[in-house]
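*Asks:* Sharing a structure, written as structure tokens. Questions coming.
The values are calculated or read from the model by the stated rules, or taken from the named source; none is laboratory data. Values in this document were obtained by computation on a predicted structure and should not be read as measured data. Don't worry about glycine lacking a Cβ; one is built from the backbone with ideal geometry, like all the others, and counts go over all protein chains shown.
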Amino acid sequence: MPFKSSELIINPDGSVYHLMLKPGDIATDIITVGDSDRVERVAKHLDEIELTRQNREFKTITGTKNGKRLTIISTGIGTDNIDIVLNELDALVNIDFSTREIKPLITQLTFYRIGTSGTLREEIPVDSHLLSIAAIDMGNLSEYYDYQSQGIATTIENDISYVEQRFGNKSVILAAPSLVDRFNSHGPYLQGITVTAPGFYAPQRRSLRLKTTMPDFSLLKDLSWNGTYITNLEMETAGIYLLSEQLGHRAISFNALLANRITGEFSNQARQTIDELIELVLADIVR
């Protein structure tokens, strides 16, 4: 059955509702960043730019680098925005906007998140670069989709059952194994399991004038699966991994570690650290 107008909202110009992009505007390789200003910092490395568009916090640039077509898009902060961005990007390639029906052949997208994060391990220095092999959804996005962990993700959930005891039943979602293998063979990335929180202050145990009820995240720092520790805390990776897996896409998340939540340190060269990660990941994408 065709999707109703209230479910798939198409603007009068034929673009999808929030992103204001039309079918054909995006590449199958997509770099996601949180900050809309960071889109330009990635795009300056492209050889050619074919499209620039922005609506609200969602800025998109599509172009080519070394002959490879890429799309760079800002998601804003949080898995609520990820829910919008990934569903609408998928719709652009897998739903026929003229008939409002799913296409018979599904196009697979590949997502590369380049974001910032804080580490939960004292020995990891700020300004490090980390690849998330898996993410724990500390919010509730996974509860709204028919998601059940399988294979290694279930094993990780069982091995770090302390998370469930202290924080409630939380889903573990994996990065695309093929992308983990590919980038580990090229780049000097740390590996870790990422905690995705539903907010920046209380959900990440930050207190300014209001107290948080969240347990101390430092209690997570010694939990590990097969030698890989819970390493960092941010706000998007689990959502990207969840929707990518559910929709048949691939995703991997890279983190510039700007804060150490155990020592209380914050980077004094945050912009440089992020730019270095952008260059490193982009070089590996087009390799």
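*Asks:* Could you check the range 167-210 and list, in sequence order, the residues that are among the charged types (D, E, K, R), farther than 14 Å from Glu234 by Cβ and either outside any loop (DSSP other than H, G, I, E, B) or at pLDDT below 90 (or both)?
*Replies:* Within the range 167-210, Lys170, Asp181, Arg182 qualify.
*Asks:* Of the residues that make up the range 51-63, is at least one surrounded by 15 or more Cβ atoms within 10 Å (Cβ to Cβ) and assigned to a helix (DSSP H, G or I)?
*Replies:* The answer is no; no qualifying residue exists.
*Asks:* Related question: Which ones in the range 79-113 are under 15 Å from Ala135 (Cβ atoms) and of a type in the set (Val, Ile, Thr)?
*Replies:* Scanning the range 79-113 gives Thr79, Ile82.
*Asks:* For the range 20-34, state whether one or more residues are outside the structural domain of Pro198 (by TED's automatic domain parsing), within 18 Å of Val281 (Cβ to Cβ), free of Cβ contacts under 8 Å to residues at least 60 places away in the same chain and charged (D, E, K, R).
*Replies:* Scanning the range 20-34, I find no residue that is outside the structural domain of Pro198 (by TED's automatic domain parsing), within 18 Å of Val281 (Cβ to Cβ), free of Cβ contacts under 8 Å to residues at least 60 places away in the same chain and charged (D, E, K, R), so the answer is no.
*Asks:* Here is a further query. Tell me which of these Ala251 doesn't satisfy, since it passes every other one: (1) under 20 Å from Leu120 (Cβ atoms); (2) buried (at least 18 other Cβ atoms within 10 Å of the Cβ).
*Replies:* If we test Ala251 against (1) under 20 Å from Leu120 (Cβ atoms); (2) buried (at least 18 other Cβ atoms within 10 Å of the Cβ), just (1) comes out false.
*Asks:* Report, ordered by the first and then the second residue, all pairs with beta carbons closer than 6 Å, sequence separation of six or more or different chains, a first member in the range 74-92 that is without any contact (Cβ under 8 Å) to a residue 60 or more places away in the chain, and a second member that is in a helix (DSSP H, G or I).
*Replies:* Pairs that qualify, where the first residue is without any contact (Cβ under 8 Å) to a residue 60 or more places away in the chain and the partner is in a helix (DSSP H, G or I), are Ser74/Ser36; Ser74/Val39.
*Asks:* Listed residues Arg121, Arg100, Arg113; which is at pLDDT 95 or above, at negative phi, surrounded by 13 or more Cβ atoms within 10 Å (Cβ to Cβ) and of a type in the set (D, E, K, R)?
*Replies:* So the residue among Arg121, Arg100, Arg113 that is at pLDDT 95 or above, at negative phi, surrounded by 13 or more Cβ atoms within 10 Å (Cβ to Cβ) and of a type in the set (D, E, K, R) is Arg113.
*Asks:* Still on this structure, please answer the following. Count, please, the residues in the range 111-152 that happen to be in contact with a helix residue (DSSP H, G or I) (Cβ under 8 Å, 6 or more places away or on another chain) and in a strand (DSSP E or B).
*Replies:* Within the range 111-152, residues that are in contact with a helix residue (DSSP H, G or I) (Cβ under 8 Å, 6 or more places away or on another chain) and in a strand (DSSP E or B) number 15.
*Asks:* Going by the conditions given, is Gly192 within 30 Å of Ala27 (Cβ to Cβ), outside the structural domain of Ala91 (by TED's automatic domain parsing) and crowded, with 16+ Cβ neighbours inside 10 Å?
*Replies:* yes
*Asks:* From (1) β-branched (Val, Ile, Thr); (2) at pLDDT 95 or above; (3) out of contact with any Lys or Arg (no Cβ under 8 Å at 6 or more places or on another chain), pick out the condition that doesn't hold for Thr237.
*Replies:* The one condition Thr237 does not meet is (3).
*Asks:* Of the residues Arg69, Arg41, Arg113, Arg100, only one is free of Cβ contacts under 8 Å to residues at least 60 places away in the same chain and of a type outside the set (A, V, I, L, M, F, W, C); which?
*Replies:* Arg69
*Asks:* Read through the list (1) part of a strand (DSSP E or B); (2) within 17 Å of Tyr241 (Cβ to Cβ), then give the number of the only condition that Asn87 fails.
*Replies:* With (1) part of a strand (DSSP E or B); (2) within 17 Å of Tyr241 (Cβ to Cβ) applied to Asn87, the lone miss is (1).
*Asks:* Hey, another quick one. Considering every residue within the range 233-242, establish whether at least one is buried (at least 23 other Cβ atoms within 10 Å of the Cβ), in the same structural domain as Gly192 (by TED's automatic domain parsing), assigned to a strand (DSSP E or B) and in contact (Cβ under 8 Å) with a residue 40 or more places away in the chain.
*Replies:* yes
*Asks:* Does any residue of the range 6-26 turn out to be of a type outside the set (Ser, Thr, Tyr), surrounded by fewer than 17 Cβ atoms within 10 Å (Cβ to Cβ) and in a strand (DSSP E or B)?
*Replies:* No - not one qualifying residue is present in the range 6-26.
*Asks:* Across the range 27-50, which residue is surrounded by the most Cβ atoms within 10 Å (Cβ to Cβ) among those that are part of a loop (DSSP other than H, G, I, E, B) and of a type in the set (D, E, K, R)?
*Replies:* Asp35
*Asks:* Right, here's the next one. Check whether at least one residue in the range 126-142 is free of Cβ contacts under 8 Å to residues at least 12 places away in the same chain and in the same structural domain as Gly199 (by TED's automatic domain parsing), and report yes or no.
*Replies:* No, the conditions are met nowhere in the range 126-142.
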